[in-house]
Amino acid sequence: MILFTPNSLGGLFRVSSSGGSPVELTKPDASRVETSHRWPVFLPDDKHFLYLGANFSGQLDKNAIFVGSLDSQERRLLVSTSANAAYADPGYLLYLQDNKTLVAQSLDRHYLLSGEPHALSDEVLYLPLVDRAVFTASNGEVLVTQTGKGAVHSQLAWFDRSGKPAGGVGTPGSYNNIRLSPDGRRVATDQTDPDGQKIDIWIHDLGEGGAARLTFGLWLPQAPIWSPDGKQIIFDVNQTLGMRIYVKNADGSGSEEEVASLGGASSGNAWDWSCDGKHILFRKQNELWALSWPDRVATPIFQAPWTVRNAQFSPDGRWIAYASNENGTLEIYVSPFPNANGKWQVSTAGGQEPRWRQDGKELFYIDADGKMMAAAVNAGATFKSGTPVALFQTHRRQPYSSQDHFSYDVSPDGQKFLVITKMDEANPAPLSVLLNWSSEMDK
């Protein structure tokens, strides 16, 4: 039997290891503000299992590890935590306490906890975007953890059209979702703090080299997008059981304001802001919508039974480029706006993250092998695109969350690319191996 989570929101499913149709096994409990069940682990009897019941709206006290059963809808809360747990023979539960310290606690044959938790390590890598701590143990003899020092470090790095490095921005860190300002002088990004506990949006000045934090007190603000005049930034916030779009002045003045709610625990986010400032593209589930600005009236563009990602306005606002897997793999398409009554395929060997050159004469994207691609386009009365050309091989940080949207951006003239580049350190932090760790439990 295999237990799995089919997407970032919802319950667990089960399927026979020999194949068959998946069957829903658990449903998130709204009374506990749950939106996701994830990280299932079977217990020794192969009937019971551990899993994390989680929300991503900042209500960490509601997150917990539960014991579920293949034979029943009943479940039992074991311990509060916002990360995965593991079982280790002959009877220990390993979990993250306070999102900082990996502990072990005795778990009897009835799957009840006893005694006090024993601290094992406070250096375990924790990923707040997915509620995952990186460790593994099958018994009391060997425990392996990722310390997290340098493990997710990336660099904002410039490259020219041939892939030649052209300098960096800021210092190595944990970056996600970068967007250049319309004048190309600043870049906004969401960054994870060094301790791995908090994410905020920062703005880097490309001329002076400084950086300023934009968000304070919000839970998981992500995916910043500039207004066409560069004076405001919209971004996604996972607040009160649902994605919401907020706006704030880019100079940090004033307070943030909610622009739109994507409803309940739906999966959605903002994609782009039109150059005339009149529309904001956003996704709600698999529906692509446009929000008029500043009157904030939402209008559906199209609903698809497939995945649609990274929709981007053309500079004249008459077209939208997006990635879709309607043919089985992600490819780049272009449709007219606001009436998406036509469609043209641009990529030929996989594609994601489309970006327009500021004059609208070229469309960039990342192909299935991670190469930066460019296609000449003519977006006049009808749309035409040339044969895509590979520019260079990127070395991007691998995505690990459904909220990894924008791994690169392009300068207004299309001559340079700012990429969230994986750091290849000469001496990366090794995995930590702790032997006979259970012998400490009785001391």
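Read the figures in this text as sums done on the coordinates, not as results from a lab. Bear in mind that the values here come from a model prediction, so they are computed numbers and not experimental data. All Cβ positions, even for glycine, are placed from backbone atoms using ideal geometry, and neighbour counts span all protein chains on display.
Of the cross-linked pairs Lys164/Lys284; Lys248/Lys284; Lys248/Lys361; Lys231/Lys284, those separated by over 29 Å at the C-alpha level are Lys164/Lys284; Lys248/Lys361. So how strong a dipole does region 256-342 carry about its Cα centre when Lys and Arg Cβ are +1 and Asp and Glu Cβ are -1, to the nearest 20 debye? Charge dipole of region 256-342: 180 debye, to the nearest 20.
Given R0 = 41 Å, the distance between the Cβ atoms of Glu141 and Lys164 translates into a calculated FRET efficiency of 0.25. Available extension along the chain between Ser18 and Gln285 is 93.0 nm, counting 0.36 nm per residue and deducting the alpha carbon span. Label-to-label distance for Asp98 and Thr348 is 5.9 nm, based on points extended 7 Å past Cα in the beta-carbon direction.
Net charge of the neighbourhood of Trp306, taken over other residues with C-beta under 14 Å away and scored Lys/Arg +1, Asp/Glu -1, is 0. Between Ser8 and Tyr400, the modelled labels are 1.5 nm apart [label points 7 Å from Cα along Cα→Cβ].
Once you charge only the Cβ atoms, +1 for Lys and Arg and -1 for Asp and Glu, what is the size of the charge dipole of the chain about its Cα centre, to the nearest 20 debye?
The calculation lands at about 940 debye.
Loop-only trypsin sites (Lys or Arg not before Pro) in region 6-65, please: DSSP not H, G, I, E or B, and at most 13 other Cβ atoms within 10 Å.
Details: sites: Arg14, Arg32, Arg38, Lys47, Lys62; in loops: Lys47.
For trypsin sites (Lys or Arg not before Pro) across region 6-65 that sit outside H, G, I, E and B with at most 13 neighbouring Cβ atoms in 10 Å, the list reads Lys47.
Only Cα sites of region 316-358 enter the Debye sum here, all with the same form factor; the resulting log10 I(q)/I(0) across q = 0.24, 0.28 1/Å is -0.82, -1.02, listed in q order. Computed from label points 7 Å out along Cα-Cβ, the spacing between Gln415 and Asp46 is 6.5 nm.
Remind me, relative contact order of the chain in percent, using alpha carbon pairs under 8 angstrom and six or more residues apart? It would help to have the intermediate numbers written out before the result.
Details: 1153 pairs, mean separation 48.6, N = 443.
RCO, the chain: 11 percent.
Summing charges over all other residues whose Cβ lies under 12 Å from the Cβ of Val334, with Lys and Arg as +1 and Asp and Glu as -1, gives +2.
Using only C-alpha positions, report the orientation-averaged shadow area of the convex hull of region 278-364, nm², one decimal.
About 5.5 nm², averaged over all directions.
Could you tell me which residue out of Ser438, Gly19, Asn378 lies farthest along the dipole of the chain toward its positive end? Charges go on the beta carbon: Lys and Arg +1, Asp and Glu -1, centred on the Cα centre. So the residue furthest toward the plus end is Asn378.
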